[in-house]
Amino acid sequence: MNVVEASGLGKRYGRTWALRECTLQIPAGRVTALVGPNGAGKTTLLNLAVGLTPPSAGEVTVLGGRRAGSPAALDGIAFVAQDTPLYKGLSVADMLFITRSLNRRFDQPYAHARLAELGIPLRRRAGKLSGGQQAQLALTLALARRPQLLVLDEPVAALDPVARHDFMATVLSAAAAEGVSVLLSSHVLTELERVASYLVLMSRGQVRLAGAVDDLLAAHGQASLEELALRYLRETAPEVAR
Amino acid sequence: MSAVTVSARRGADGQAGPRRLPWRRMAGVTWRQHRLALAGVVVLLGALAVLLWVTGLPLHRAWAAAIACHPASSPGCQDLIGNFGASATGGGKTQGILLQVVPALIGAFAGAPVLARELETGTFRFAWTQGFARWRWALAKLVALPVILAALTAAFGVLVSWYYQPYAGGGPAGLYQNSPFGDLFSLREVTFPAWTVAAFAIAALAGMLIRRVVPAIVATLAVYAGLAFAAASFLREHYLTPLVTTSLELPGTSTAWVISQWFTKDGRFAFGGNPPLNILNQYCSGGKGAGPSFAPCLAPHGYTQWTSFQPASRLWPFQWIEGGWLLGLSAAIIAVTIWLVARRAA
């Protein structure tokens, strides 16, 4: 099963194509890194996949053919957007209540255990938590939904190194222990080395490279993901600039 | 039949389309997100209710004493009527004008954040990617909140009607005989909630379009002011065809709402409104035409005064007509807003 399948997918804002002719299959059971510089179209692709925005061209389905954004699709997807938006004025307990109310599945014991482990008090207002705690809360809410696919948009961009490490550790253990497929975007390449087994490289609104990390490294004769990505982005730069 | 469908869907988890989450799930969500706004509305209306009650009580006492007094022409009764007049002076008018802004404020402050705050702070990315379809999320909020606001403001409208009673009058001469179509028309049991709901709907749509809370509130107040002005100045008088009379004493005395007056002579239209100066000089010199009505001095010269008016007995039909079109408008605006939520590009 593919967790995300796009064919000829495009998104235009005004005259600018944020994403063009994107044809892509992201397999299930993996941690997929969506890599590219700022403005490459990563967020646009993720927004299309979770149904926040309708495509201008082509189509995208998730979790084996469900229309992106349909209730069936969103039932199995948990999305943590950039800067982990939370209702800052509400307490952690209220955030749990809202997330539980809006979803068919919600693992309350898991959420409580996670938050206790993280030392996040239920009565604290979400806006009073540290950046790292807010990110962890958003991630906890997402994982408590027991999703098949976890989508993270630049999850660690705003976090300090320790919070970053802790956040990614949570993501990885969920992926390993519960078989959650993960799709995460980042422009920080070093993060992804340890975590990603599937890579989608984007620049200027187009997918440049997609495949299993091991295959890509072997095929392109590179030692690390970072080198591969850097070299590829440099190579495609002249073509992109045209 | 439907039971079979439901259980079949329940069995096929995921792939075949999950069964819908029940609407009641939105009750707690809406409450938690909007309890502050609702509390603010309750506090505001509560404070205004106390104000109306405190100023209304002495007014009602003086009024009750004045209308109970017989015979009305006796000096004692005249004193009571004078008392009432003194306690009533100005109050109703001022409060009527001040209260005009209340439905707009309630609607704007409760309605604008519903979508604008989500869009402004980015939390729509959270709210609209949960298992509860986002058009249903929007529908639940944009129905539940106006219903609650309508209930609160309808209760307040009852109080306004009570407060207004002495001004509307009936009873001996010298008491107020205001037309119920005046300042307080839009603040009664039907129109107060209807205008509040309309302001809420406008604010919700403005929030969706403008995507920021404060500008959406400002835009709402501007649009609302225009709509309220249009309704009071142009629309309201056409709700029902006005009655026309040549009688100088309008049925229902001065509580009727005079729409227009004109004169005819020999069965033909002569002039509208006040007589032109040359006619006045010709027929109404010597003080005969003093006062607002020139009909008495013009009548002997073949002029007939016509008056079109809305009788005070049409208050409730007018209330329901205004409430009806406002609710229809609100429903249309909310439908458009939900449609925008469902199709909006992030």
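What to note about this one:
- The lone criterion from (1) on the phi < 0 side of the Ramachandran plot; (2) free of Cβ contacts under 8 Å to residues at least 60 places away in the same chain left unmet by B:G122 is number (1).
- Of the listed requirements (1) of a type outside the set (K, R); (2) farther than 21 Å from B:G122 by Cβ; (3) in contact (Cβ under 8 Å) with a residue 12 or more places away in the chain, A:A72 misses just one: (3).
- Unmet requirement for A:L184, which otherwise passes all of (1) away from chain B (no Cβ under 14 Å); (2) more than 14 Å from A:V80 (Cβ to Cβ); (3) aliphatic (A, V, I, L, M): (2)
- Single unsatisfied condition, B:T129 versus (1) outside any helix (DSSP H, G or I); (2) away from chain A (no Cβ under 14 Å); (3) among the hydroxyl-bearing types (S, T, Y): (2)
- Residues (surrounded by 24 or more Cβ atoms within 10 Å (Cβ to Cβ) and either out of contact with any helix residue (DSSP H, G or I) (no Cβ under 6 Å at 6 or more places or on another chain) or free of Cβ contacts under 8 Å to residues at least 40 places away in the same chain (or both)) located in the range A:21-41: A:C22, A:T32, A:A40, A:G41
- Here B:T255, B:T264 are screened, and the one residue that is over 20 Å from the mean Cα position of the chain (by Cα) and touching a residue at least 12 places away in the same chain (Cβ under 8 Å) is B:T264.
- Residue count for the range B:114-126, restricted to those that are at the interface with another protein chain (Cβ under 10 Å from one of its Cβ atoms) and within 16 Å of A:G51 (Cα to Cα): 5
- Number of residues in the range A:49-87 that are charged (D, E, K, R) and within 7 Å of another protein chain (Cβ to nearest Cβ): the value is 2.
- Flag if B:R134 is within 14 Å of chain A (Cβ to nearest Cβ), surrounded by 19 or more Cβ atoms within 10 Å (Cβ to Cβ) and either within 28 Å of the chain's Cα centre (by Cα) or at pLDDT 95 or above (or both): no
- The residue list B:A151, B:A155, B:A108 contains one member that is assigned to a helix (DSSP H, G or I) and either farther than 30 Å from B:R61 by Cα or in contact with a His (Cβ under 8 Å, 6 or more places away or on another chain) (or both), which is B:A108.
- For the range B:173-225, filtering for residues that are in a loop (DSSP other than H, G, I, E, B) and of a type outside the set (F, W, Y) leaves 13.
- Residue within the range B:40-62 that is of a type outside the set (D, E), surrounded by fewer than 17 Cβ atoms within 10 Å (Cβ to Cβ) and over 26 Å from B:F156 (Cβ atoms) present: no
- Qualifying residues in the range A:116-136 (those that are part of a helix (DSSP H, G or I) and in contact with a Ser or Thr (Cβ under 6 Å, 6 or more places away or on another chain)) - the one farthest from B:V29 (Cα to Cα): A:A135
- In the range B:1-47, the residues that are more than 13 Å from chain A (Cβ to nearest Cβ) and at pLDDT below 95: B:M1, B:S2, B:A3, B:V4, B:T5, B:V6, B:S7, B:A8, B:G11
- Among all positions in the range B:68-75, there is at least one residue which is more than 25 Å from B:W339 (Cβ to Cβ), more than 14 Å from every other protein chain (Cβ to nearest Cβ) and assigned to a helix (DSSP H, G or I).
- Qualifying residue in the range A:117-137 (condition: crowded, with 22+ Cβ neighbours inside 10 Å, closer than 28 Å to A:S203 by Cα and not aromatic (F, W, Y)): yes
- Meeting the requirement of 2 or more residues that are in contact with a helix residue (DSSP H, G or I) (Cβ under 7 Å, 6 or more places away or on another chain) and modelled with pLDDT of 90 or more, the helices (runs of 4 or more DSSP H) wholly within the range A:137-241 are A:161-178.
- Selection count, the range B:132-148, where residues are closer than 28 Å to A:P155 by Cα, of a type in the set (G, A, S) and outside any loop (DSSP other than H, G, I, E, B): 1
- Filter result for B:L119 (at pLDDT 95 or above, surrounded by fewer than 23 Cβ atoms within 10 Å (Cβ to Cβ) and under 19 Å from B:H34 (Cβ atoms)): yes
The values are calculated or read from the model by the stated rules, or taken from the named source; none is laboratory data. Nothing here was measured: the structure is a model prediction, and the numbers come from that model. Don't worry about glycine lacking a Cβ; one is built from the backbone with ideal geometry, like all the others, and counts go over all protein chains shown.
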